[in-house]
Every structure is written in structure tokens, then in C-alpha cells.
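Everything on this sheet refers to the single structure shown next.
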Amino acid sequence: MKTGLILYVVGDEPEMFDVKAEVLKSKLALNADRVEIVARREGHYDIHDAWMSLIVKGMTQIRCLTAQFEGSKSLKPTGRELRLC
């Protein structure tokens, strides 16, 4: 069973936010096969878009976590999980 993860970023992202690097880091840290990021300026525009992207890519179990920036470059999950329905 492939697992997908949506990281919903709350707050503003820093100027030099690297989405691709953050996706790779999150994949390893959160044990997901694929990660999609929903943020104001980078990544997907909304959760539905990221959710559909993961479904199309064959993910059978999808989780959605909120995350926020700590400092200028570190994105950390807040521990809140959103229910997708």
C-alpha cells in the first residue's frame, strides 16, 4: 500500500523556500512514498489539488498534516492531522 502525505503550510513561507528539497526531507522524515506541499506561493494552491495529484499517482492511503516554518528555512509539522473527506 502506497502512502501519500499532504503538508498544509500555515503562515508565510520565507523568500528562499525550496519546495523540492523540503519534499525530499519530508518524505524521509515522515515515512511517505510521495509528499505534496500546499503553500501560498509554492507547491499546490489547495488541498483538493494535492489530494487529486496523489490519487492519480497511485497512493492508496493519504494523510494531511499542518506544518509551519521555524526560523527561516525549517518546515516542521505541528502535530495536527486534518481529515480528508
For the stretch 17-26, the count of residues that are more than 15 Å from Lys76 (Cβ to Cβ) and either within 12 Å of the chain's Cα centre (by Cα) or at pLDDT 75 or above (or both) equals 3
Given (1) at negative phi; (2) touching a residue at least 40 places away in the same chain (Cβ under 8 Å), Gly11 misses just (1)
- Message: open to solvent by less than 90 Å² (accessible area, probe 1.4 Å) and touching a strand residue (DSSP E or B) at 6+ places or on another chain (Cβ under 6 Å): is that true of Pro14 in this structure?
- Response: no
Those residues of the stretch 24-76 which are part of a strand (DSSP E or B), free of Cβ contacts under 8 Å to residues at least 60 places away in the same chain and open to solvent by less than 20 Å² (accessible area, probe 1.4 Å) amount to Val35, Ile37, Val38, Cys64, Thr66
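The values are calculated or read from the model by the stated rules, or taken from the named source; none is laboratory data. No experiment lies behind these values; they were computed from the predicted model shown. Positions of Cβ are generated from backbone atoms using ideal geometry, with glycine treated the same way; all protein chains shown enter the neighbour counts. Ligands, DNA and RNA are stripped out before the accessible areas are found, and what is left, the full protein with its side chains, is counted by its heavy atoms. Shrake-Rupley method; radii C 1.70, N 1.55, O 1.52, S 1.80 Å.
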